[in-house]
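For reference, the structure is listed below as structure tokens.
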Amino acid sequence: MPPFRVAIAGLGTVGAAVADILLSRKELIAARCGRQIDLVAVSARDRSRDRGVDLSGVDWFDDASVMATQAECDVVLELIGGEDGIAKSVCENAIGAGRHVVTANKALLAMHGSALAQAAEQTGVGLGYEAS
């Protein structure tokens with residue numbers, strides 16, 4: 001089975017921690033999931049900021065909305081925050097490109113959750129948000 005490929009939009013506290021877990025516990029995650037999970041792309045405002053995680057083998061996108069459509073991934077994790085703007089664009093673009101979306105963005109879901117869920121259903125992808 002091919003690896004499940006993950007892209008992360010937003011490398012704040014949560015995004016950086018998720019990236020670290022995916023990279024540092026790769027074998028354990030694969031053993032538990034029965035499938036390799038690869039972090040393949042990330043996007044954040046400041047490329048130079050030290051996040052305490054080695055992202056050297058991961059594709060970097062300066063624009064998260066572009067990453068949502070161009071990264072070679074199966075799922076986009078939206079961890080930017082905010083109800084509109086880039087967070088909404090990332091989710092809409094990812095769904096439109098046929099990629100699953102997982103978000104922990106409460107504000108986005110409160111304002112646009114129904115529309116995003118409908119778009120995901122029409123496209124045949126999942127919209128995960130249990131943490132929010």
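The values are calculated or read from the model by the stated rules, or taken from the named source; none is laboratory data. From a predicted model like this one, the values you see are computed outputs, not experimental measurements. Don't worry about glycine lacking a Cβ; one is built from the backbone with ideal geometry, like all the others, and counts go over all protein chains shown. Remember, those area values only see protein heavy atoms, side chains included, never the ligands or the DNA or RNA. Shrake-Rupley method; radii C 1.70, N 1.55, O 1.52, S 1.80 Å.
The rows are residues; the columns are (1) assigned to a helix (DSSP H, G or I); (2) under 16 Å from Val75 (Cα atoms).
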site	(1), (2)
Ser89	yes, yes
Glu92	yes, yes
His112	yes, no
Ala120	yes, yes
Val125	no, yes
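If you go through segment 37-70, how many residues are open to solvent by 20 Å² or more (accessible area, probe 1.4 Å), outside any loop (DSSP other than H, G, I, E, B) and more than 17 Å from Gly85 (Cβ to Cβ)?
Number satisfying all stated conditions: 6.
Here are some residues: Ala94, Ala104, Ala115. Which one is over 14 Å from the mean Cα position of the chain (by Cα) and open to solvent by less than 70 Å² (accessible area, probe 1.4 Å)? I'd like the intermediate steps shown before the answer.
On the way: Ala94 fails: over 14 Å from the mean Cα position of the chain (by Cα); Ala104 fails: over 14 Å from the mean Cα position of the chain (by Cα).
Answer to the selection: Ala115.
Return yes when Glu130 is open to solvent by less than 30 Å² (accessible area, probe 1.4 Å) and either free of Cβ contacts under 8 Å to residues at least 12 places away in the same chain or among the charged types (D, E, K, R) (or both) and no when it is not. Reasoning before the result, please.
Working: open to solvent by less than 30 Å² (accessible area, probe 1.4 Å): no; either free of Cβ contacts under 8 Å to residues at least 12 places away in the same chain or among the charged types (D, E, K, R) (or both): yes.
No, not satisfied.
Search segment 1-36 for residues being of a type in the set (A, V, I, L, M, F, W, C) and outside any helix (DSSP H, G or I), and hand back the single one that is surrounded by the fewest Cβ atoms within 10 Å (Cβ to Cβ).
Keep residues of segment 1-36 that are of a type in the set (A, V, I, L, M, F, W, C), which gives 1, 4, 6-9, 11, 14, 16-19, 21-23, 28-31, 33.
Cutting the leftovers down to outside any helix (DSSP H, G or I) gives us 1, 4, 6-9, 11.
Numbers: Met1: 6, Phe4: 17, Val6: 23, Ala7: 27, Ile8: 30, Ala9: 30, Leu11: 24.
Within segment 1-36, the match that is surrounded by the fewest Cβ atoms within 10 Å (Cβ to Cβ) is Met1.
Kindly check whether there is at least one residue in segment 45-62 that is under 26 Å from Glu121 (Cα atoms) and free of Cβ contacts under 8 Å to residues at least 12 places away in the same chain.
Of the residues in segment 45-62, the ones under 26 Å from Glu121 (Cα atoms) are none.
No: segment 45-62 contains no residue that is under 26 Å from Glu121 (Cα atoms) and free of Cβ contacts under 8 Å to residues at least 12 places away in the same chain.
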